[in-house]
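Take a look at the structure set out below.
Bear in mind that the values in this text are calculations on the coordinates, not laboratory data. Since this is a predicted model, take the numbers as computed values, not measurements. Ideal geometry is used to build each Cβ from the backbone, glycine not excepted, and the neighbour counts take in all protein chains shown.
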Amino acid sequence: MGSKETDKMNGVDSGHSAVPLDSDTEARVEEFRRCGHQMVDFIAEYYRDLARHKYPVLPSVEMGYLTKTEPKHAPQQPCSYEDLMREVDTKILPGVTHWQHPRFFGYFPASSSFPAMLGDMLSMAFNTIGFSWAAAPAATELETVVMDWLAAACDLPSVFVSSGSGGGVIQQTASDSMLVVIMAARHRAVAQTGETDTRQFVAYASDQAHSSIIKEAKCAGVQVRSIKTSREHSYALQPTDLIAQMRKDTQDGLIPIFVCGTIGTTSTTAVDPIQSLAESVRCEFAGLPVWLHVDAAYAGTAALVAECRHHFKGLELWDSFNFNPHKMMMISFDFSALYVQERSALIDLFSVGEECLRNKASESGQVIDYRKWQVPLGRRFRALKLWFAFKLMGTEGLQRHVRRSFALAERFERWVAADDRFDMPTPRLFGLVCLRLKGQPNDAQCALLDGVNGCGFFLVSTKVDDQVVIRVAVGSPQCEAQDIDELWRAFQREADKLVGPSK
Ligand SMILES: *Cc1c(COP(=O)(O)O)cnc(C)c1O
C-alpha cells in the first residue's frame with residue numbers, strides 16, 4: 001500500500017493511510033509486508049541502540065503517566081502504521097524498563113535472541129492452538145522433539161525423555177509448572193492413601209525456595225512447611241532438618257506429599273543437595289506418596305555446560321524437574337521446561353472428556369495431547385522458538401552464551417574479592433554475585449544500591465538473615481566486559497562516598 005492510487009481510494013491524498021478492514025486479502029498482505037519490514041528495521045535499530053546505551057536502563061516516568069493521559073476509549077477510526085509508531089516513540093519507549101539492556105543486572109536475566117524471536121514470529125503467524133495432536137500435529141511433535149533435544153543437551157537423566165514413561169512439556173512459567181506438579185502430587189496422594197481431606201497434606205521446601213511454592217500450594221489447598229537454612233550451609237536445605245520436620249508432621253497425623261528442592265535459589269542461587277535429599281526421603285518415607293520436584297528455574301540452563309553438571313547429580317531420583325530457558329538460555333519469554341518421570345500422573349489428573357475435541361488420533365492412543373499435561377486447554381506453538389535457537393545457534397552457541405555470562409560474573413567477583421570493603425555472603429555460583437559493604441548497617445547497603453542504580457545500572461537487593469545484600473545478575477547477551485568494569489567503578493565511587501577509599 002501507500003501508492004497514490006490506493007491512498008486516493010482510501011480518501012487520503014498524502015502520506016500513508018490505514019488499510020480498511022474490508023480491503024481485499026492482497027491489499028492487507030502488501031500492507032503487512034510494508035509494515036513488517038519496517039518493524040524488523042525498528043527492532044534491529046532498537047538492539048543496536050541498546051548496545052550504544054542510547055536508552056537509560058530504567059524509565060523515569062511517573063506513576064499513572066499513561067493511564068491518566070490516554071483517552072478512556074479505543075479509537076473508532078484506524079490510524080496509519082506510521083502514526084502509531086510515532087506514538088510508540090513518545091508514549092511507550094519512555095515507560096519501558098529495558099530488560100535487554102547491557103546494564104540490566106536486576107532479578108534474573110530474561111535473555112532473548114534473534115533466532116528465538118524469529119521462531120516466535122512464525123508461531124504467531126500460524127497462530128495454531130495446539131491442545132491435541134489432531135489440532136496441531138507439527139506443534140505437538142516438534143514439542144516432543146525439542147524437549148527431548150533439550151534434555152539430552154543438558155544431560156538430564158533418561159527417565160525424563162519421551163521414549164520411556166516420562167517426557168517434557170512446555171509451560172508458560174515455573175509457577176505454572178509448580179502448580180501442575182503439586183496438583184499431580186495431591187491427586188496421586190488421594191488415590192494412594194484414600195485420604196480426601198487434602199488439608200492433611202503437607203508440602204516442604206527450604207525457606208529460600210521461590211514464593212511460587214506457597215502460592216501454588218495455596219491454590220491446591222495443601223499446607224507448606226518452610227525449613228530453615230543457614231549461612232553455615234550456604235543456605236542449602238539440609239536432609240536431616242527436612243526429615244525431622246516430616247517425622248514430626250507424620251506423628252501429628254499429617255501426610256507429607258511433596259518436597260521441592262531448589263538448584264539455584266532466587267535470592268542467592270543456593271543449591272540444595274539433590275542426591276542426599278532424595279535418598280533420605282525415599283529411605284525414611286518409603287510407604288508414603290511423596291512427590292519430589294526440583295525447581296531450577298534460573299540455574300537449570302547451567303546444565304548445558306559440563307562444568308556445572310555436578311549440581312544436578314541424583315536428579316533421576318526426583319519425580320519432576322523444571323527450568324526456564326527464558327531466563328538464561330536466550331529463549332525469549334515465555335518458555336518453562338517441565339520434565340516428569342511418569343507422564344500418566346499428569347494425564348490422569350488433566351484428562352476430561354469433551355465431545356468436540358474427540359478424534360481418531362487421540363483414541364488410537366498413539367499420540368500426545370498436551371492439553372492433558374497442563375491446566376489450560378489452549379497453548380502456543382512455543383517449540384518453534386527453541387527449534388530455531390538450536391538450529392540457528394547450535395548447542396555450542398547456547399553453551400557459549402552460558403559460559404560467557406558466568407565468566408563476566410566471575411570477572412566482577414574478582415573485583416569484589418580484591419576490595420577489603422566488601423563481603424560476599426554467599427559464594428558465586430553461575431552468573432549471580434551477591435555482595436554487601438562489610439560491617440555496615442542495612443541503610444548503608446540501600447544507599448549503595450541507590451547510588452549504583454543512579455549511575456545507569458539496574459540491580460536489586462535481597463535479604464538473607466535480615467541483612468540487605470545486593471545482587472548482580474549477569475546474563476544479558478548484550479553485556480560486555482566493559483559494562484562489568486563500569487559497574488565496578490560505580491560501586492567503588494559509591495563506596496568511597498559511604499565508607500572512604502579502600503586500603
Ligand atoms: C524465577 C524463579 C521462579 C519463578 O519463575 P516464573 O517462571 O516467573 O514463575 C521460580 N523459581 C525460581 C528458583 C526462580 O528463580
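Which whole-number percent gives the relative contact order of the chain, counting Cα pairs below 8 Å spaced six or more residues apart? Working shown, then result.
Details: 854 pairs, mean separation 98.9, N = 503.
Relative contact order for the chain comes out at 20 percent.
Enumerate the amide H contacts of residue 329 below 5 Å, restricted to partners 5 or more residues apart or on another chain; note that Pro and chain-start residues carry no placed amide H.
111
Does the chain classify as rounded, prolate or oblate by the C-alpha gyration tensor (a ≥ b ≥ c root eigenvalues; a/c under 1.5 gives rounded; else a/b over b/c gives prolate, otherwise oblate)? Present the calculation step by step, with values, prior to reporting the outcome.
Values: a/c = 2.00, a/b = 1.14, b/c = 1.75.
Oblate, since a/c reaches 1.5 and b/c is not below a/b.
What ranking do 482-492, 265-275, 352-362 get when scored by the average of other Cβ atoms within 10 Å per residue, highest first? Walk me through the numbers on the way to the answer.
Working: 482-492: 18.4, 265-275: 23.2, 352-362: 10.8.
Averaged packing, sorted descending, gives the order 265-275, 482-492, 352-362.
Amide H neighbours of residue 96 under 5 Å, counting only residues 5+ apart in sequence or on other chains, H built in-plane at 1.01 Å?
none
Please turn the phi angles of segment 275-290 into ³J(HN,Hα) values with the Karplus equation 6.51 cos²θ - 1.76 cosθ + 1.60 (θ = phi - 60°), one per residue in order, whole Hz, x for glycine and proline.
Residue by residue, segment 275-290 yields 5, 6, 4, 5, 4, 5, 5, 4, 6, 7, 10, 4, x, 9, x, 7 Hz.
Whole-Hz Karplus ³J(HN,Hα) for segment 145-157, in order, using 6.51 cos²θ - 1.76 cosθ + 1.60 and θ = phi - 60°, x for Gly and Pro?
Residue by residue, segment 145-157 yields 5, 6, 5, 5, 4, 4, 4, 5, 4, 8, 6, 6, x Hz.
Determine ³J(HN,Hα), in whole Hz, for all residues of segment 477-488 in sequence, where each value follows from phi through the Karplus function 6.51 cos²θ - 1.76 cosθ + 1.60 and θ = phi - 60°; x replaces Gly and Pro.
x, 7, 6, 10, 3, 4, 5, 5, 5, 4, 4, 5
Can you give the % of DSSP beta bridges in the chain that are antiparallel, to the nearest 5? Let's see the in-between values first.
Details: 22 of 40 bridges.
Roughly 55 percent of the beta bridges in the chain run antiparallel, per DSSP.
Rank 422, 214, 95 by how far each Cα sits towards the positive end of the charge dipole of the chain (+1 on Lys, Arg Cβ; -1 on Asp, Glu Cβ) and give me just the farthest.
422
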